[in-house]
Amino acid sequence: MGSADTIVALSSGALPSGVAVVRLSGPMAGAVLVEIIGHLPPPRRLILSDIVLDGDTLDRGLLAWMPGPNSFTGEDCAELQLHGSPAVVRAVLRKLACRHGLRLAEAGEFTRRAFENGKLNLVEAEGLGDLIAAETENQRMLAHARLEGGLTRQVEGWRERLLDLRAELEAQIDFADESDVGSLPEGFRDELLHLHADIARVAESAGQGRILRDGFRVVLAGPPNSGKSSLFNALSSSDAAIVSDEPGTTRDLKELPLDINGQLIVLIDSAGLRETGSQAEAIGVARARQAMQSADLVLWLQAPDQPVERPPLAVPEPGDQREGRPPVLVIGSKSDLGSVPGTDHRVSVATGEGLTALLDLLYRSSGASLVRAGELLVSRERDRIGLIDAAGAVRRAEGHLGSAEIAAEDLRLASTALERLLGRIDAEAVLDRLFSAFCIGK
Ligand SMILES: Nc1nc2c(ncn2[C@@H]2O[C@H](COP(=O)(O)OP(=O)(O)OP(=O)(O)O)[C@@H](O)[C@H]2O)c(=O)[nH]1
Ligand SMILES: [Mg+2]
């Protein structure tokens, strides 16, 4: 274990700041501390010291020594807590990075080393990335559960059960030639079905998990001038979208995140749907239709000063992961001007009527209120695919119980799908994508 290079990076946030944490990992981490204070400090204690490098006193700060393997990366690690000054941090990094065998870290490189040294599996590394990026309370809870190993333990449990089941089948195969072949133990088939149901249930949570992690996507749609951009601004307390009484004002899609009770709601303004001679507007209309199809909820606005138009039937694109069409709520807009028959909800941006109730409705529609604390949810498409593969293979094994060989092979494939999920096999492509999305210093 242990990489040849020692890496260094600023691991805390944007400068200037009160404190900046410079982190080192690799074989030279200890030598750097010895250079600064003359000896190796006791492990996992903070030591106050002048930070002197190449004879220059650069700062005064706290040092910590975390020898491997009991460190974040599993390698020897050191941390320098400096004053969060851009000039101090630049000087320290520049001096350290020009030492032989020491270089600046790449994005996600500390976490990659932790993964390579078995400190984190792939699911946990993803959880760490999600935790760092989390902005809402629900994102934080979901990421924490993933990082802390909830999903890992569940997957490990399934793998153990698969191993037991495979052992029974292998015994069948081994003794198949002998006269006293025992049949499979009673309850074997039930155990397979239970395992299938358990995995499939968690796979099904991927839809809700995605909403918690990536947000509940709400598209404001309707005829031109129905008040979409006005409502978009009012709900997001912004003036991000242009509002005018000219029909066809909005062309591009505009997105804003809302945090409602800790749930991320992504609000999307779109072009009014109509036939148009303008090329730019026609592109906007096509984008609006696309956005409606991939939404979690469509708010179809209908103003009283316009002829009633039905929302177009949004047909899912081929290959669309989400089945069915998103639900459509018909909103009577500009309720100060009159009411629209047959609407689910009325709002007026002019008087504020119905705005708070609409936010509440969005929150309830997101399903976030139904998620119980501590419930295991998977949130990534990779999870869903891995679990569906595993569940499908277990299901096939159940259909193949007449042949122990075939059923055993099905169960082996189920185990493989779970191992891939944890990153024990074929992890490279996922890792490259994951770590490049991390910030430097993580
Ligand atoms: N009285 C009243 N007028 C409103 C209300 N909401 C919007 N309007 C007016 O309706 C006109 C159109 O509003 P927009 O928000 O630009 O409508 P839009 O649906 O985004 O229009 P396009 O982008 O052209 O499709 C503007 O003049 C707004 O001031 C409302 O609640 N009450
Ligand atoms: Mg608009």
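The values are calculated or read from the model by the stated rules, or taken from the named source; none is laboratory data. Note that the structure is predicted; figures quoted are calculated from it, not measured. So basically every Cβ, Gly included, is an ideal-geometry build from the backbone, and we count neighbours across all protein chains shown.
Within region 3-33, how many residues turn out to be under 15 Å from residue 71 (Cβ atoms) and of a type in the set (S, T, N, Q)?
Selection size over region 3-33: 4.
With the checklist (1) surrounded by 15 or more Cβ atoms within 10 Å (Cβ to Cβ); (2) at pLDDT 95 or above in hand, flag the one item residue 130 doesn't pass.
(2)
Please list, ordered by residue number, the helices (runs of 4 or more DSSP H) wholly in region 356-442 having 1 or more residues that are at pLDDT 95 or above.
Details: elements: 381-399, 404-422, 428-436.
Correct list: 381-399, 404-422.
Mind telling me which of the residues 166, 189, 251 ends up being surrounded by fewer than 19 Cβ atoms within 10 Å (Cβ to Cβ) and among the basic types (Lys, Arg)? Can you show your working first?
Working: 166 fails: surrounded by fewer than 19 Cβ atoms within 10 Å (Cβ to Cβ); 251 fails: surrounded by fewer than 19 Cβ atoms within 10 Å (Cβ to Cβ).
Within the list 166, 189, 251, the selection yields 189.
Kindly indicate which of 116, 137 is farther than 30 Å from residue 402 by Cα and in the same structural domain as residue 24 (by TED's automatic domain parsing). Give the derivation first.
Values: 137 fails: in the same structural domain as residue 24 (by TED's automatic domain parsing).
Checking each option against the conditions leaves just 116.
Name the pairs whose Cβ atoms lie under 7 Å apart, with the first residue in region 148-163 and closer than 16 Å to residue 197 by Cα, the second among the small types (Gly, Ala, Ser), and 6 or more positions between them or separate chains?
Taking only residues 6 or more apart or on different chains, the pairs are 159/415; 162/414; 162/415.
What are the residues in region 256-275 that are crowded, with 17+ Cβ neighbours inside 10 Å and not small (Gly, Ala, Ser), if any?
Of region 256-275, the ones crowded, with 17+ Cβ neighbours inside 10 Å are 256, 258, 260, 263-273.
256, 258, 260, 263, 264, 265, 266, 267, 268, 269, 273, listed by residue number.
Does any residue of region 328-351 turn out to be in contact with a helix residue (DSSP H, G or I) (Cβ under 8 Å, 6 or more places away or on another chain), at pLDDT below 95 and in a loop (DSSP other than H, G, I, E, B)?
Taking every residue of region 328-351 in turn, none turns out to be in contact with a helix residue (DSSP H, G or I) (Cβ under 8 Å, 6 or more places away or on another chain), at pLDDT below 95 and in a loop (DSSP other than H, G, I, E, B).
Only one of 266, 219, 285 is under 20 Å from residue 311 (Cβ atoms), more than 14 Å from ligand 2 (Cβ to nearest atom) and not hydroxyl-bearing (Ser, Thr, Tyr). Can you tell me which? Walk me through how you get there before you give the answer.
Values: 219 fails: more than 14 Å from ligand 2 (Cβ to nearest atom); 285 fails: more than 14 Å from ligand 2 (Cβ to nearest atom).
One residue alone meets the criteria, 266.
Suppose we filter region 241-266 for residues that are touching a residue at least 24 places away in the same chain (Cβ under 8 Å) and away from ligand 1 (no atom under 12 Å from the Cβ); how many remain?
Result for region 241-266: 11.
Please state which one of 197, 234, 206 is more than 16 Å from ligand 2 (Cβ to nearest atom) and in contact (Cβ under 8 Å) with a residue 40 or more places away in the chain. If you could, list the steps in order and put the result at the bottom.
Numbers: 197 fails: in contact (Cβ under 8 Å) with a residue 40 or more places away in the chain; 234 fails: more than 16 Å from ligand 2 (Cβ to nearest atom).
The conditions single out 206.
Residue by residue, here is whether (1) polar (S, T, N, Q); (2) closer than 19 Å to residue 150 by Cα; (3) not in a loop (DSSP other than H, G, I, E, B) holds:
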{"site": "94", "(1), (2), (3)": "no, no, yes"}
{"site": "99", "(1), (2), (3)": "no, no, no"}
{"site": "110", "(1), (2), (3)": "no, no, yes"}
{"site": "118", "(1), (2), (3)": "no, yes, no"}
{"site": "125", "(1), (2), (3)": "no, yes, yes"}
{"site": "129", "(1), (2), (3)": "no, yes, yes"}
{"site": "132", "(1), (2), (3)": "no, yes, yes"}
{"site": "140", "(1), (2), (3)": "no, yes, yes"}
